[in-house]
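Note sheet for the following structure.
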Amino acid sequence: MKLLTLNFLTCAIKSCKSSPASFPLHPRDATLEIIESDLNLAFLRNILPRLMWSELCTITRELGLPALPETVPTGEDMVEKKEGEEEVASQTAKDLHRVLLETGIREGGLVCGNCGHEYKVLEGVGNFLLPGHLV
Amino acid sequence: MSRPEDTLPPDLFYNDSESRKYTTSSRIQKIQSDMTHRALSLLNLPSPSLILDIGCGSGLSGEILSGTEEHDGTPGGPHVWVGMDISSSMLSVALEKEVEGDLLLADAGQGVPFRAGTFDAAISISAIQWLCNAETSADTPTSRLARFFNGLYASLRRGGRAVCQFYPKNEEQKKMISSAAVKAGFGAGLLEDDEGTKNAKTYLVLTVGGGELDGDITGVVRGMDGVDVVEGRQKLGQRKRGEDKKGSKGWILKKKEQMERKGKVVKQNSKYTGRKRRIAF
């Protein structure tokens, strides 16, 4: 499961919906994997305003990944433009792509900060099925 | 032919053999890909977006979403998608195929576990008719549909769209699904391809307000060829047929009839029944 998806997932339990602690889900005993993919600049620009940056920093810290810059990068940071040349992805964009779209959780658990429910992740697929009484 | 929804719940119906059959059948692949392209043309995404695929199964539509324009004709792509499905066998087929999107094992009838404003768009191919069946006595189709549409509405960004292709069992089911979507706040409309034939395909087109659209399907299909708009909504203030104004002659006659059926003593109807009493002076 990509870290990008983790930046959007919340606890599925109804009583957690109103609590701010239900986001983000905290990884537990996670095994990470890297799946290489092509950099998609337009997508990064599109998704940037929707990211919760401080939560993303928390997650990378908990996973022991290299720290992200504290300030949120802007759309202009994503490209390096030289005179008369085409737009090229900057180092910031490459780093962001690495963290969001190439790094993922392979095995482990995701724990809700509010109710403590643990969602298992197996082979990169998160199990969000709930028992009937929690729906 | 019997409907799979009536035989087993989806997580049991799509077992290992059924999932494989579904994924390898070239006929199903063709139909699925046609429907995905149709749904994408309705979504009209201008740039690479984040898309939710509800009932992604083995990722047949996901492969089209992550394809590029030159490759498979995805406009605005390649998109990044997240898929959810209730059948673990289907998902394991998807894992084998190494699809690019993220997968979640989740029941759409339990809600959509994403924070508000996550997705640009949502797509669902041949899935939401399963929500019309509840497998436990504690659950009802209405509440499953409500949880799904409420969750979906919240997880889409303002101005976002969702297109859900589904196979309705009958008119009633069509109405149940679209009214559940309207109740959740969507601007909803049904688009039917090849209406009345065996290959009829029903698309539920949902819009979240705040965009450049008119707020419903009429804005989506504007400018499309061969689409007729049939207004199914009731005009506000228009009375349903057979409903009389309280105090009117029709209303009084109806009430008297009701009372008579209950066995009460009711005065006989005459030409004076329900007539206004004029002021004497």
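The values are calculated or read from the model by the stated rules, or taken from the named source; none is laboratory data. Only a predicted model underlies this, so the values are computations on that prediction, with no experimental measurement involved. Cβ placement follows ideal geometry from the backbone for every residue including glycine, while neighbour counts extend to all protein chains displayed. Protein only, heavy atoms only, side chains kept; ligands, DNA and RNA dropped before computing areas. Shrake-Rupley method; radii C 1.70, N 1.55, O 1.52, S 1.80 Å.
Looking at (1) within 14 Å of another protein chain (Cβ to nearest Cβ); (2) open to solvent by 30 Å² or more (accessible area, probe 1.4 Å); (3) in contact with a strand residue (DSSP E or B) (Cβ under 7 Å, 6 or more places away or on another chain), find the lone condition where A:Leu100 falls short.
Every listed condition holds for A:Leu100 apart from (2).
If you go through region B:129-159, how many residues are open to solvent by less than 10 Å² (accessible area, probe 1.4 Å) and out of contact with any helix residue (DSSP H, G or I) (no Cβ under 9 Å at 6 or more places or on another chain)?
Qualifying residue count for the region: 2.
Can you tell me which condition B:Leu42 does not meet? The list is (1) under 22 Å from the mean Cα position of the chain (by Cα); (2) open to solvent by 20 Å² or more (accessible area, probe 1.4 Å); (3) farther than 20 Å from A:Ala12 by Cα, and all the others hold.
(2)
Within region B:254-275, which residues are open to solvent by 80 Å² or more (accessible area, probe 1.4 Å) and either in contact with a Ser or Thr (Cβ under 9 Å, 6 or more places away or on another chain) or on the phi > 0 side of the Ramachandran plot (or both)?
B:Lys267
Of everything in region A:58-74 that's more than 29 Å from B:Val99 (Cβ to Cβ) and either over 16 Å from the mean Cα position of the chain (by Cα) or of a type outside the set (D, E, K, R) (or both), which residue is surrounded by the most Cβ atoms within 10 Å (Cβ to Cβ)?
Going through the qualifying residues, I end up with A:Val72.
Search region A:116-128 for residues being within 13 Å of another protein chain (Cβ to nearest Cβ) and out of contact with any strand residue (DSSP E or B) (no Cβ under 6 Å at 6 or more places or on another chain), and hand back the single one that is farthest from B:Ile86 (Cα to Cα).
A:His117
Mind listing whichever residues of region B:45-73 are more than 14 Å from chain A (Cβ to nearest Cβ) and exposed (fewer than 15 other Cβ atoms within 10 Å of the Cβ)?
The answer is B:Gly73, and nothing else.
Would you please list the contacts, defined by Cβ atoms under 6 Å and residues six or more apart or on different chains, that run from a residue in region A:111-127 that is on the phi < 0 side of the Ramachandran plot to a residue that is among the basic types (Lys, Arg) and surrounded by fewer than 18 Cβ atoms within 10 Å (Cβ to Cβ)?
From residues that are on the phi < 0 side of the Ramachandran plot, the pairs are A:Val111/A:Arg28; A:Asn127/A:Lys120.
Residue under question is B:Asp34, and the condition is that it be free of Cβ contacts under 8 Å to residues at least 60 places away in the same chain, among the acidic types (Asp, Glu) and either under 21 Å from B:Ala122 (Cα atoms) or more than 10 Å from chain A (Cβ to nearest Cβ) (or both); does it hold?
Spelling it out, B:Asp34 is indeed free of Cβ contacts under 8 Å to residues at least 60 places away in the same chain, among the acidic types (Asp, Glu) and either under 21 Å from B:Ala122 (Cα atoms) or more than 10 Å from chain A (Cβ to nearest Cβ) (or both).
Against the condition over 18 Å from A:Ser22 (Cβ atoms) and either open to solvent by 60 Å² or more (accessible area, probe 1.4 Å) or of a type outside the set (D, E, K, R) (or both), how does A:Leu134 come out, does it pass?
The answer is no for A:Leu134.
Taking the options B:Arg147, B:Arg115, B:Arg157, name whichever one is in contact with an Asp or Glu (Cβ under 9 Å, 6 or more places away or on another chain), touching a residue at least 24 places away in the same chain (Cβ under 8 Å) and within 12 Å of another protein chain (Cβ to nearest Cβ).
After ruling out the rest, the residue left standing is B:Arg157.
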